[in-house]
Amino acid sequence: MAFRPSSWSKRTLRQRARSHWADLRKGANRLSKGQIRDLQQEATGLRQELTRFLHASDSRVSASRLELEALPLPGGTDWRWRPEMLSVPISLAGLAGPQSGAKLNDSATLWHDCEHCGLILRQVQNLSTIDLANFGLTLETIGFGGSFMSLAIGLPDAALQGLTSNHIIRLESVILVESEADVYVRLNIGNGPNTETLLRHIGDPKAGELMTSVIEFDLATTEMNEKRLDNIWLDFIVEQPTANKISLREMIFSRHPRANI
């Protein structure tokens, strides 16, 4: 069942307005010249406001991208990326009571082992002045009876281009929890019939305290076949979530070569 955000009624009004204008377009040949002139004036005003909105939103998204490019990262960094769900609005703002394997978007899938899932997953707007990402993601559990939940985040093909065992993949994240939680991240790299996995404990975030962590995955510890790389993703894993609210406020992936010693 799709989660409906608090602005559901406003979204419905916008959808109805779009449908109404579509109906007017289809029936334009039945309107009088006077009616058409009046509607043209309304449409022009609406188009001006929509254009202003698109310019404003594009500026904000562009600013987020610029901030990402300006972040201080290790020397030699040749790729950096923030997941789409933290950068721009996604079409499905959230999920309530999702089955294991439910998709939030093309690159984010939720997995869990709770038969009756008391879980809400939703995209939220970051409003704090210290947030760099435009959006965050919250995972809220209410009477969750399973042993884990995991958000699988697919990385883009650019992460695999030129990837070698001499690289280190770096993850910087910011999370906030209502109750103490045990959180792990697991990097998975598909290469032919094999999948290399690197598991790291992200830490033990304290209730109500923002926790920033930096995790590095050294690919020299894997046996990946550099010529057969075909998939890469990260699992964000919470063990025994029970009743909690976990906010993922930031997630920045980057890649740099290992320093020669």
Self-check item: Tilt relative to the chain, helix 33-70 - C-alpha long axis, 0 to 90 degrees, to 10
Solution: 20
Quiz item: Using a Gaussian network model of the chain with C-alpha springs under 10 Å, which one of Q99, Q123, Q15 is most mobile by mean-square fluctuation?
Solution: Q15
Quiz item: Considering the zone a paramagnetic label at R186 would reach in this model (a point 7 Å from Cα along the Cα-to-Cβ line), which residues of the stretch 149-165 have amide N under 18 Å from it?
Solution: 149-155
Exercise. Mind pulling the angle between the C-alpha long axis of helix 8-26 and the longest principal axis of the chain? Nearest 10 degrees, somewhere in 0 to 90.
Key: 50
Quiz prompt | Gaussian network model of the chain, Cα within-10 Å springs - most flexible of L31, L121, L187 | solution = L31
Practice problem: Positive end of the charge dipole of the chain (Lys, Arg +1 and Asp, Glu -1 on Cβ, about the Cα centre): tell me which of S100, L187, L39 has its Cα farthest that way. | Solution: L39
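Let's test the formula: R0 of 30 Å, r as the Cβ-Cβ distance of Q15 and A158. What FRET efficiency results, to the nearest 0.05? Don't jump to the answer; show the numbers that get you there.
Working: r = 35 Å, r/R0 = 1.15.
That pair, Q15 with A158, gives E of 0.30.
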Quiz item: Of the residues L46, L127, L198, which exhibits the maximal mean-square fluctuation in a Gaussian network model of the chain defined by a 10 Å Cα contact cut-off?
Solution: L46
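When Lys and Arg each count +1 and Asp and Glu each count -1, what net charge do the other residues less than 15 Å away from I130, Cβ to Cβ, add up to?
Working: positive: R249; negative: E67, D131, E172, E209, E250.
Combined, the nearby Lys, Arg, Asp and Glu give -4.
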Exercise. For K103, list the lysines whose Cα falls under 21 Å from its own Cα; do not include residues on the same chain fewer than 8 positions away.
Key: K245
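A short reminder: the numbers here are calculations on the coordinates, not readings from a lab. What you see is a predicted model; the values in this text were computed from it and never measured. Please note: Cβ atoms are built from the backbone with ideal geometry, for glycine as well, and neighbour counts cover all protein chains shown.
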